[in-house]
Each structure stands twice: as C-alpha cells, then as structure tokens.
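Enquirer: One structure follows; several queries about it will come next.
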Amino acid sequence: MKLGAYTACLHDHELTEALDILAGLGLTSVEVNAGGFIGTPHIPVHRLLADPSGADAYLAEYAQRGLTLTGVNANGNPLHPDPEIHHGTDLHRAIEVAGILGVKRVVSMSGLPHAHPGAMTPSWVVNPWDSGALDVLEYQWHEVALPYWQDIETRAAAADVKVCIEMHPQNLVFNPTTLKRLVDLVGSSHIGAEMDPSHLFWQGIDPVAAVEWLGPLVYHAAAKDTRINDACRIHGVLDDRFTRIPAEENPLGLGGRYTVTQWPQGDPAWEFVAVGNGHDHAFWVNFLTALHKVDPNMAVNIEHEDQSLGQVEGLTLAATNLIAAGAAAGV
C-alpha cells in the first residue's frame, strides 16, 4: 500500500518544491490536479496531450525522489448546466493524460445537474419524500448523468484507467448506495469509489463498513478527517449557515461566476481536520486494514483541508499519523 498526499493544498508551490515536501515527510504516493475546481498547477496537461513524448521526463521528477504518481484528480461538477463550467471536458482530458502517463486512477466527483431542462444551477435532492423530488431525480439520473457517465466508461476503458468517484454531498453520488447505483446503471467495469472518509463521517456513515460493503468497487482512497462538534446538537449535519466571502478577499473560484463560501464562524456543526484530529489512531488502523483487504496496492493520499493548520504543518501532522497507522496495520 502506498501512503501519500494530494497536492491541491500546495497549489501555490512549484511541482518540484511540492514533491520535495512530500518526500521529506516520508510519503511515497502523489496525486495531482488535472482540471476541475483547482486547475492544473502541477501537471502540464495541454503540453502532454500535444506531445506525449514528454511523459518520461515529467515522471522522472517523481521517481528521483522515491515517489509514484498514483492519481490525477479532476474534482469538480462535470454535470454543471452552466456553459461557463468546463469540468466535464476537464475529466475527459484527465482520463486521456492519465493514459499517456500510465497512471491507473483518475479521481472525480459524479457531478450534480439541474432539476429540469433549461435550468442553469445544480439542484441537490437531499430527501425525496414527495413525488416531485423523485421526478427531479429520475431526470437527473437518466436524462443527464447516465449518458455522460456511459461515455466516461468508454473513455476510461480505452485509456485503461479506473475513474474513482469521491462520494461527496451536493452530488448525485454521495454515499455507497448511490455509488453502486451509478455503477449498475452504467454497467461499468471502470468506474468505482475513491473512499474519502471525511464526507462519510458527517453523514453518519461508518467508512470501514462502507469499504467492506463496496468491496472491489473501492479503487482509491483519501486520508482526510472530520470532527463533529457540539454545535451539531443544535444545527445538525445539514448546517446551512455558510456565508459569502467578500469579493475584496479574493475567494477561491470554482469555475465561471462561482466561488467557495465561508464556513459558519465560531461554532460549525462539523469541520474537516487533519488525520487524527477527528478520529483516533484505532480508526485509521482499521480503515487502512479494510482498504488493504480490498487491494494491497491501493494508494491512500492525504487531502489537507484543516483550516486551523498551515499547508506544511497540516501535511506533517497528517503524514505522521497516517504512517503510524500504516505501520500498526502492517500495510
């Protein structure tokens, strides 16, 4: 099993500097962005597509540091109805460049479409307790998602890569059930799960049970923790007290006119934290053990989004805890 990190948190560092940081932490696996929300700070996607002969020189940067590029990431909303959002095309390119590089895992989200033809914003049905909500889901799944993901299956098979979906709320695929639904509807052999426990924790899902339930559909994994705070007793896991970040503070763009928002200040119901700051050592040992049973060669990459810790500070803490859990699990 390879333990590493996803370099999105180091997007403002040059590739070589980011790789030096990860190698210095004792990690062996790297995942980089090839489009979507973050863009392509650490991989020359267009250059490699235009001239695949550059692949060896690019991969040599990893090899000389004892690192392996185990995944390319195109997280975004590939089903977004706004024509200014190009995440769907980004995923096409990510699959193609992964094939050129010989990288076998492409990480994505399933995407979330509009509720009806002509709408311009995504719409997430959280609890379809009435028939109108079921109408929306039937349209989203069968008219929008299925044709797109059938095409992705074809592209992934041609490139000999697996597309690993992060089960993320505000997407059609947000839990193990919806992940398996997509795989079954597509009849897929190249679409499965990227197991990120952080998004399962705050839904009340046990990530180890999810790994065991999905079994061979788990292709790849992230190491990110979530802490459920006391405020959850009042605001619940569907806490919606997010606010806009003022334009003068330059909020992170998500494509088109969309930007990231600000978490509830002072008392969030839950928040992303570094590995070990939400769940104890025993959980991470059990999580890695469960993943190892599915695939002893699986890559598990840290995703650092703990807002209380700096870039390298958070990576260092997560790497220390993840490597210790791996040693205890014997993986």
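Enquirer: Label region 92-230 by shape, choosing from rounded, prolate and oblate, from the square roots a ≥ b ≥ c of the eigenvalues of the Cα gyration tensor; if a/c is under 1.5 it is rounded, and otherwise prolate applies when a/b is larger than b/c, oblate when it is not.
Expert: Working: a/c = 1.85, a/b = 1.11, b/c = 1.67.
The shape class here is oblate.
Enquirer: Related question: Under a no-solvent Debye model with one identical scatterer per Cα of the chain, what's log10 I(q)/I(0) at q = 0.13 Å⁻¹?
Expert: -1.00
Enquirer: Using bins 10 angstrom wide from zero, how does P(r) for region 153-224 break down, in % of all Cα pairs?
Expert: The distribution over region 153-224 is 21, 56, 21, 2, given as percents.
Enquirer: Find the all-direction average of the projected area of the Cα convex hull for region 271-331, expressing the result in square nanometres with one decimal place.
Expert: The Cα convex hull of region 271-331, projected and averaged over all directions, gives 3.9 nm².
Enquirer: PRE reach from GLU143 (point 7 Å along Cα→Cβ): which of region 161-202 fall under 20 Å by backbone N?
Expert: Counting only backbone N, you get 171-173, 182, 185-186.
Enquirer: Per 0.36 nm of contour for each residue apart, how much would the distance between THR121 and ASP230 grow if the chain were fully extended, relative to their Cα-Cα spacing? Provide the component values of the computation, followed by the final result.
Expert: Values: separation 109, 0.36 × 109 = 39.24 nm, distance 3.27 nm.
Contour length minus Cα-Cα distance gives 36.0 nm.
Enquirer: Same structure again: Could you look at region 8-120 and say what percent of its accessible area is carbon and sulfur, using a 1.4 Å probe and all protein chains?
Expert: Of all accessible area on region 8-120, carbon and sulfur atoms account for 52 percent.
Enquirer: Looking at the chain, do any whole DSSP H helices span at least 18 angstrom along their long axis by alpha carbon and average -0.5 or above on Kyte-Doolittle, and which? Please report the intermediate quantities before stating the final value.
Expert: Values: long enough: 87-101 (21 Å, 0.33); 146-159 (20 Å, -0.29); 281-294 (20 Å, 0.70); 311-329 (27 Å, 1.05).
Membrane-span-like by this criterion, though nothing is claimed about a membrane: 87-101, 146-159, 281-294, 311-329.
Enquirer: Between ARG181 and VAL237, how many nm apart are label points set 7 Å from Cα along the C-beta direction?
Expert: Distance between label points: 1.6 nm.
Enquirer: Relative contact order (percent) for the chain, with alpha-carbon contacts under 8 angstrom and 6 or more residues of separation?
Expert: 18 percent
Enquirer: List the chymotrypsin sites (Phe, Trp or Tyr not before Pro) within region 127-160 that fall in a DSSP loop (any state other than H, G, I, E or B) and whose Cβ has at most 10 other Cβ atoms within 10 Å.
Expert: TRP129
Enquirer: Follow-up. Only Cα pairs under 8 Å and at least 6 apart count here; give the relative contact order of region 263-331 as a rounded whole percent.
Expert: Answer for region 263-331 is 48 percent.
Enquirer: What's the Kirkwood radius of region 218-331 in Å, using all Cα pairs?
Expert: 16.0 Å
Enquirer: Based on alpha-carbon centroids, what's the gap between region 199-265 and region 61-133 in Å, whole number please?
Expert: One Cα centre to the other: 16 Å.
Enquirer: Further, regarding this structure: Please list the non-local residues whose amide H lies under 5 Å from the amide H of ALA299, H modeled 1.01 Å from N, same-chain partners needing a gap of 5 or more.
Expert: LYS2, ALA221
Enquirer: List the relative contact order of region 56-168 as a percent without decimals, with contacts defined as Cα pairs under 8 Å and 6+ residues apart.
Expert: Working: 161 pairs, mean separation 33.3, N = 113.
It comes to 29 percent, rounded to a whole number.
Enquirer: Okay, next question. Between exposed trypsin sites (Lys or Arg not before Pro) in the chain, where DSSP calls loop and at most 11 other Cβ atoms lie within 10 Å, what's the longest gap? Walk me through the numbers before you get to the answer.
Expert: Values: sites that count: ARG244, ARG257.
No qualifying site falls inside 1-243, the longest such stretch.
Enquirer: Which longest run of the chain has no exposed loop site in it, a site being GluC sites (Glu not before Pro) in a DSSP loop with at most 12 other beta carbons within 10 Å, and the site itself not part of the run?
Expert: 85-331
Enquirer: What does the accessible area per residue of region 63-108 come to in Å², with a 1.4 Å probe and no ligands, DNA or RNA counted?
Expert: Per-residue value: 32 Å².
Enquirer: I'd like the per residue volume of the convex hull spanned by the Cα atoms of region 71-140, given in cubic angstrom.
Expert: Spelled out: Cα convex hull of region 71-140, divided by residues, is 91 Å³.
Enquirer: Another question about this same structure. In the chain, what % of DSSP beta bridges are antiparallel (nearest 5)?
Expert: 20 percent
Enquirer: Continuing with the same structure: Would you mind getting the accessible area per residue of region 212-311, heavy atoms of the protein chains only, 1.4 Å probe, in Å²?
Expert: 54 Å²
Enquirer: Which value in Å does the Kirkwood hydrodynamic radius of region 1-70 take, with 1/r averaged over all unlike C-alpha pairs and then inverted?
Expert: Final number for the Kirkwood radius of region 1-70 is 12.4 Å.
The values are calculated or read from the model by the stated rules, or taken from the named source; none is laboratory data. The model shown is predicted, which means the values in this text are computed figures rather than measured ones. Neighbour counts run over all protein chains shown; Cβ positions are idealised from the backbone, glycine included. We work out accessible area using only protein heavy atoms, side chains counted, and drop any ligands, DNA or RNA first. Shrake-Rupley method; radii C 1.70, N 1.55, O 1.52, S 1.80 Å.
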